[in-house]
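Asks: Before I ask anything, let me first share the structure, which is written out below as structure tokens.
The values are calculated or read from the model by the stated rules, or taken from the named source; none is laboratory data. Given the structure is predicted, the values throughout are model-derived calculations rather than measurements. In this analysis, Cβ positions are derived from the backbone assuming ideal geometry, glycine residues included, and neighbour counts consider all displayed protein chains.
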Amino acid sequence: MTLKIGATGAMSLLSEHPSENTPPCRQVRLQTSRDGKTIIMVDLDQRKPGVMRAVCYEITPAELIAAIRAHGAELSQTSDEAVAAIESMQKSGPASDGPECEASTTALG
């Protein structure tokens, strides 16, 4: 059995469009590093004509989790958003079968 330790996936955080039906002039997204040990935020800004600015920031999964816990608002487990998020995670299945999951979370910290 192969055990994946680390972050996976990508998501868009922001997409600015100057008007409807035009390509974005600014995009901000999170994506994982190739080895899964860090999360990279890519900020691609093309708001000035003829100028493209790309800035990347890097953080570990443990640091991102700590930042969200420290600065985010905890949702009640009965709120619509929390219920939808929990159901979505349950549909995707467990991260691992038992003890390996605990070992994988401590290996990153």
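Asks: Only one of these is in contact with a Cys (Cβ under 7 Å, 6 or more places away or on another chain) and either surrounded by 13 or more Cβ atoms within 10 Å (Cβ to Cβ) or small (G, A, S) (or both): Q46, Q31. Name it.
Replies: Answer to the check: Q46.
Asks: A further question follows. When residues of segment 47-69 are filtered for being within 22 Å of E16 (Cβ to Cβ) and without any contact (Cβ under 8 Å) to a residue 12 or more places away in the chain, how many remain? Explain how you work it out, then say what you get.
Replies: First pass over segment 47-69, keeping only residues within 22 Å of E16 (Cβ to Cβ): 47-57.
Filter once more, so that each one left must be without any contact (Cβ under 8 Å) to a residue 12 or more places away in the chain: 48-53.
Number of matching residues: 6.
Asks: Return yes when S33 is polar (S, T, N, Q) and at pLDDT below 90 and no when it is not.
Replies: Details: polar (S, T, N, Q): yes; at pLDDT below 90: no.
Taking the combined requirement at face value, the residue does not satisfy it.
Asks: So, one more: Go through segment 22-46 and count every residue that is of a type in the set (S, T, N, Q) and without any contact (Cβ under 8 Å) to a residue 24 or more places away in the chain. Walk me through it before giving the result.
Replies: Residues of segment 22-46 that are of a type in the set (S, T, N, Q), as a first pass: 22, 27, 31-33, 38, 46.
With the extra rule that they be without any contact (Cβ under 8 Å) to a residue 24 or more places away in the chain, the set shrinks to 22, 27, 31, 46.
Of the residues in segment 22-46, 4 are of a type in the set (S, T, N, Q) and without any contact (Cβ under 8 Å) to a residue 24 or more places away in the chain.
Asks: For segment 43-62, name all the residues that are within 17 Å of L13 (Cβ to Cβ) and not in a strand (DSSP E or B).
Replies: Let us first name the residues in segment 43-62 that are within 17 Å of L13 (Cβ to Cβ), namely 43-47, 53-59, 61.
Q46, R47, P61, listed by residue number.
Asks: Please verify whether segment 9-27 includes one or more residues that are in a strand (DSSP E or B) and surrounded by 15 or more Cβ atoms within 10 Å (Cβ to Cβ). Please lay out each step first, then the result.
Replies: Quick first cut of segment 9-27, residues in a strand (DSSP E or B) only: 10-16, 26-27.
Subset that is surrounded by 15 or more Cβ atoms within 10 Å (Cβ to Cβ): 26-27.
Within segment 9-27, one or more residues are in a strand (DSSP E or B) and surrounded by 15 or more Cβ atoms within 10 Å (Cβ to Cβ).
For (1) outside any loop (DSSP other than H, G, I, E, B); (2) closer than 14 Å to G6 by Cβ; (3) within 17 Å of the chain's Cα centre (by Cα); (4) among the hydroxyl-bearing types (S, T, Y), each residue gets a yes or a no:
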position	(1), (2), (3), (4)
R29	yes, no, yes, no
D35	no, yes, yes, no
M41	yes, no, yes, no
L75	no, no, no, no
E87	yes, no, no, no
